[in-house]
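S.K.: The structure is given below, and queries will be raised subsequently.
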Amino acid sequence: MSASRRDIGDGRAASRSASTNAKPRPKSSARAPARGSSNRSNAARVPHLPDLSQYGRLAEYRAKRRFDVTPEPPPAMPGSRGARPLAFVVQKHRAGHLHYDFRLEHEGVMLSWAVPKGPAPDPSVKRLAMQTEPHPLDYNLFEGVIPEGEYGGGTVMIWDRGTWKPESDDVDRALARGDLKFRLHGKKLRGSWVLVRTRDRTWLLIKHRDEFASTEDLTVTKPLSVVSRRTLAGIARAAGASARQLEQAAGADPPRPARGAATAAEPAPSRLARAARPR
């Protein structure tokens, strides 16, 4: 004889009551992976990262670049430098934004700061300088185009170069303190300067008052490469830059003065001076 509806209902109620009052069962250990197996599977999915410790202070520089694509120089172990003066270089760089890479040689590498508006010889002007990764000494010779899609993709000009001499007795201590004083002997930048840290990697580049101080905007009056004598657009064109990079480089060059117009670097000759010229 089949069970009555009342019996079936009582049975269902008892089943719900039992399931409500019962303690939750622990998750089956059969579903959990064996100890260590999860770590092994995750490790298998992570690509092998090369050991960059051999590059020392240039490890960050090496990690950011693919040297089978970019013409930038790969990091190299510094050799004996002898007694030659310390080098400095300023490279005008139209990447995502225009900036000037200010570099000082120290302990086999080029300490680097990105200066968005370029160095100013006016002591009243404090230029923002963002510290970046150290670069190899060979980078001082690099002028050309970094391909699109690569780190720092864009046109690079050697805007100024020369030698520098610290005015601080201990460069490392001055850097740690955030107050590095030095003298530049370049083709455009000369005299006494200081780098002052304001926070973390944020510094200010300031010209000291001396015989080389002026209000001249050297980024406008002296826009050409000290190596090739080309504009940024000329460098981009010679290096086979893309149309977009060429347009960006041309936009980063200051406008050329009209023919016959006076510039701050080359003032127009006075009427008396013209009259005094031999004919």
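S.K.: Given the convex hull over the Cα atoms of the stretch 164-241, what projected area results after averaging over all orientations, in nm²?
M.R.: For the stretch 164-241, the mean projected area of the Cα convex hull comes to 7.2 nm².
S.K.: What is the set of long-range amide H partners of residue 154 at a cut-off below 5 Å, with H atoms built 1.01 Å from backbone N?
M.R.: Under 5 Å from the amide H of residue 154: 146.
S.K.: Given axes a ≥ b ≥ c from the Cα gyration tensor, I'd like to know whether the stretch 82-128 is rounded (a/c under 1.5), prolate (a/b larger than b/c) or oblate.
M.R.: oblate
S.K.: What distance in nm separates the simple spin-label points at residue 187 and residue 243, each placed 7 Å from Cα in the Cβ direction?
M.R.: It is 3.3 nm.
S.K.: Could you give each residue of the stretch 173-188 its phi-based ³J(HN,Hα) in whole Hz, using Karplus coefficients 6.51, -1.76, 1.60 with θ = phi - 60°, and x for Gly or Pro?
M.R.: Working through the residues one at a time gives 5, 5, 5, 5, 6, x, 8, 9, 9, 7, 10, 10, 10, x, 7, 10 Hz.
S.K.: Where does the stretch 112-264 land on Rg(C-alpha)/(2.2 N^0.38 Å)?
M.R.: Relative to the rule-of-thumb radius for its length, the stretch 112-264 sits at 1.12.
S.K.: Per 10 Å bin, what percent of the C-alpha pairs of the stretch 137-198 does each bin hold, from zero upward?
M.R.: 19, 33, 32, 15, 0
S.K.: Mind giving me the FRET efficiency for residue 138 and residue 177? R0 is 41 Å, r the Cβ-Cβ distance, nearest 0.05 is fine.
M.R.: That pair, residue 138 with residue 177, gives E of 0.85.
S.K.: Just to confirm a number: summing +1 for Lys and Arg and -1 for Asp and Glu over residues other than residue 121 whose beta-carbon lies under 15 angstrom from that of residue 121, what do you get?
M.R.: +4
S.K.: To continue, here is another question. Could you work out how far apart the two model spin labels at residue 69 and residue 87 are, taking each label as a point 7 Å from the Cα in the direction of the beta carbon, and quote it in nm?
M.R.: Inter-label distance under the simple model: 2.6 nm.
S.K.: Could I ask something else about it? Return the distance in nm (one decimal) between the two label points of a simple spin-label model at residue 211 and residue 170, each offset 7 Å from Cα along Cα→Cβ.
M.R.: That separation, rounded to one decimal, is 3.3 nm.
S.K.: Let me ask something else. What number results when the radius of gyration of the stretch 65-164, computed over Cα atoms, is divided by 2.2 N^0.38 Å?
M.R.: 1.09
S.K.: Holding the Cα-Cα limit at 29 Å, pick out from 64/207; 126/188; 165/222 the pairs that are longer than that.
M.R.: 64/207
S.K.: Grab the Cα-Cα distance for residue 228 and residue 198, subtract it from 0.36 nm times how many residues apart they are, and report the gain in nm with one decimal.
M.R.: Gain in length upon complete extension: 7.2 nm.
S.K.: Got a sec to turn the phi values of the stretch 84-89 into Karplus ³J(HN,Hα) couplings, 6.51 cos²θ - 1.76 cosθ + 1.60 with θ = phi - 60°, whole Hz, x for Gly and Pro?
M.R.: 5, x, 6, 8, 9, 8
We did not get these values from a lab; they are worked out from the coordinates using the rules stated. Since this is a predicted model, take the numbers as computed values, not measurements. Counting neighbours? That spans all protein chains shown, and the Cβs are built from the backbone with ideal geometry, glycine included.
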